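Here is the structure we will look at.
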Amino acid sequence: MYLYYTRDHFSDKRAVSSITINGTQSGAINCYNKNGSLKEAEISLNKGVSGTPFVYMHISTVTKVNRPNPEPTANSGLTYNGSPQKLIPSNYDSDYSGDVYFRLGTTGSYTDKVNSITATNAGTYTIYYYSAESYYGNSSVDYAHTITATIAKAANSGAYVTCSNYLEGTAPEPELKGTNLSSGTVTFKYSTSQNGSYSPTKPTAAGTYWVKATIASDGNYNEYTTVPRALQSTKTGACTIAARRPHPTSSVLTLSSTCSPSVSTPATTTPTSTSSWAPT
């Protein structure tokens, strides 16, 4: 027994996906389905010869959707650079399925200009596409396929921290310098050693510390942490003033002051000043 099936009989280009034989069914030669519509997915065919048992065949069909050949693919290795980037290779061409139409996202119009499918900001993008050729299956936009393209966030770099030394009991005032590309929050953190544990608490006691800045990521740039920078908090200085006469009979009184440690920032020397005074 031969079974002939014509794909064009169905408006949505169905194709036979399976055929099963059921020997318990009987009936006349017929072609029908449950609802009398040829668009149904199940069709019953009875084939029999007078005087012989009937053979009942159950045919299942599946809607064929035309796919471009070759299928389009998304560009890989894209990283944010501030400019629009093509999401599909410029040289894509479907040789065997007619024109292919594309749309970025769920809204807007389809276009056959592959180079117009672009995006600028970092993120993952869904691209819808379908083939205009209907011979191999349904070509409606209702049967569009999808691929995804990703633009990765860029690295943030070029920023660094500066901070002046300061007096004991006061707080450091670090600044972020250089080129910060991210709009994320900047957090300064401190530690007693370069490779130690850092905290946002500002140190006020005298000593040597390290400070670094963490810049949070934003939509297009990754998080970035600067190189730690050393800074010093100096103890508050105390000064002593002494008065003396160069000679017991001299009418000149000499004043001298000594500050230790110096209150200048930073300072490592002990300055001494001398002035002369004579009574009138």
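The alpha-carbon atoms of the stretch 159-234, seen along their principal axes, cover 41, 21, 16 angstrom, with the largest extent given first.
Set the bar at 23 Å for Cα to Cα. Now go through 177/202; 153/189; 113/153; 153/202; 177/235 and name every pair that lies beyond it.
Values: 177/202 19 Å; 153/189 25 Å; 113/153 26 Å; 153/202 32 Å; 177/235 28 Å.
Long pairs (Cα-Cα over 23 Å): 153/189; 113/153; 153/202; 177/235.
All of the numbers you see were taken from the coordinates with simple rules; none came from a lab. Not measured: the values here are computed from a predicted model.
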